[in-house]
Structures are given as C-alpha cells and as structure tokens.
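Accompanying notes for the structure given below.
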Amino acid sequence: MSRKILILGATGRTGKYAIPLALEKGYQVVALVRNPSKIAIQHDGLTIVEGLPANIDDIRKAMKGCDAVLSLLSPLTRGEAISFRKINAPRVLEKSMANVVQVMNEYGVKRILILSSVGVGNSWKYTPWYVKLLVRLTNFKVIFADHNAQEDLIQASGTTWTIARPAGLNENDTIGTLAVSYDHTPKPFQMSRKLLAKFFIDNLYSEDFIHKMPMLSEK
C-alpha cells in the first residue's frame, strides 16, 4: 500500500514544487486548496480537495486515509508581508494547525512536517539584523507571531513533528547543496523554494529530523 500524504499550501510558491516531487516518489497526494484551478497537474496519484485549512470539516475530509501531513502554509501574501500598513492578524497558521492537530488525533495520524522560518522561537538570536528590522517595521511581525503560535501548538501536540526553518527564500530553479544548522546563523542566508520542497519530501518518512527544528540554507 502506497503512502498517502496531505499537503496544505499546495498552490503556494513552495507547494508547487512539493506535489510533483511527492508524486515522483510514488506517494499518493491529497492537496487541500482554496482554488483547485491553480493546480495544473493531472495524475492518478493526486486528489484535489477544495476547502480551507481553517475549516475543520475540510481538514477531516482531506486527511482521511492519509498517514502524514505537510504544511507549507503562509500567513500573508508577499505584498502584505512587506507593507508598512498595519493589518489585523488573521492567525491563519495558528487556526489551521489547531484544526490539523485535532484531526490528526481523531484519525491517529502521527507524522507532520511544517514550514516555519529562521527567527521563530529560539532561532531569533541567529536572525540577521536586516530581517529583525523588517520584523519591527513591517507586517513580518504578524508572520513571525503566527509562526511562533503554530510552533507552540505543534511542539505540544504529541505528534511526530519536524519544524523546518529556512533562511531567505528565492525562486531559483537550479538548486545547490542543502546546509543544516542549529546553533549559528545560516550562511549564505538564502535558499531556493525548490530545494526546500525537496527537503520536505525527502524527509516525510525519515527519522533524521523528528522533534527537531533545523535551520536550512543552500550552499
């Protein structure tokens, strides 16, 4: 029986790489998305469920039969993130993860990997000064607050979790070598979304990063 994973944020800038990588490995993939038309891939191993992770019934429908969850959700759009105009915090990640954890417990699903960021939780001290400035001046503060809430939920969930904290993400199509750190600022402070997606798919069923929060970058 092939393994079946639920991907949240599948139409996002990292998610678009994750689906084909998972299918290439022979995994069954369920993508819970707001707008199914954004997924152009057609594959026997891909099931698209229309819905929102903030709706627990949509999570229940999408997670049924899955044995792992991959969350690549982002709390704000790029434009909202870098804006100086204050917005009300939607808490997309916190609300979604509360639903995900509840349904994982209901279904007995243990494995979850989530996208976070360098600067969240105990990695704040390894964050470059210019990122700290963005957090102070823009809506990055909203993003980091939501990531922190999400991480707290996951760490207290009793699941078999991995929290990936990548450095600054870019859209490069060619990828270099993955660099993993825990106790120093990642250098260079950048990483392609394609390599990040590969990290997630490669480690869906690996024990290498269970209950770990690696900071990721690209050499």
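The values are calculated or read from the model by the stated rules, or taken from the named source; none is laboratory data. Keep in mind it's a predicted model, so treat the numbers as computed, not measured. In this analysis, Cβ positions are derived from the backbone assuming ideal geometry, glycine residues included, and neighbour counts consider all displayed protein chains. The area values use the complete protein model at the heavy-atom level, side chains included, leaving out ligands, DNA and RNA. Shrake-Rupley method; radii C 1.70, N 1.55, O 1.52, S 1.80 Å.
Annotations for the structure displayed:
- Filtered residues of segment 152-169 (kept if among the β-branched types (Val, Ile, Thr) and open to solvent by less than 10 Å² (accessible area, probe 1.4 Å)): 154, 159, 162, 163
- Residue satisfying all of: in segment 104-125; under 13 Å from the mean Cα position of the chain (by Cα) and open to solvent by 10 Å² or more (accessible area, probe 1.4 Å); farthest from residue 204 (Cα to Cα) among these: 117
- Identity of the residue in segment 94-103, open to solvent by less than 60 Å² (accessible area, probe 1.4 Å) and of a type outside the set (A, V, I, L, M), that ends up nearest to the chain's Cα centre (by Cα): 96
- Close pairs (8 angstrom Cβ cut-off, 6 or more residues apart or separate chains): closer than 16 Å to residue 164 by Cβ in segment 121-132, polar (S, T, N, Q) anywhere: 121/148; 126/181; 126/185; 127/185
- Scanning segment 184-219 for residues that are within 23 Å of residue 128 (Cα to Cα) and open to solvent by 50 Å² or more (accessible area, probe 1.4 Å) gives 184, 187, 188, 190, 194, 212, 219.
- Extreme residue, least open to solvent (accessible area, probe 1.4 Å), among residues of segment 1-37 that are within 18 Å of the chain's Cα centre (by Cα) and of a type in the set (Lys, Arg): 4
- Residue in segment 170-182 that is surrounded by 16 or more Cβ atoms within 10 Å (Cβ to Cβ), farther than 22 Å from residue 69 by Cβ and modelled with pLDDT under 95 present: yes
- Top-ranked residue of segment 119-153 - restricted to ones that are touching a Leu at 6+ places or on another chain (Cβ under 8 Å) and of a type in the set (A, V, I, L, M, F, W, C), ranked as modelled with the highest pLDDT: 149
- For segment 124-207, the helices (runs of 4 or more DSSP H) that sit wholly inside it and include 3 or more residues that are touching a Ser or Thr at 6+ places or on another chain (Cβ under 9 Å) are 140-155, 193-202.
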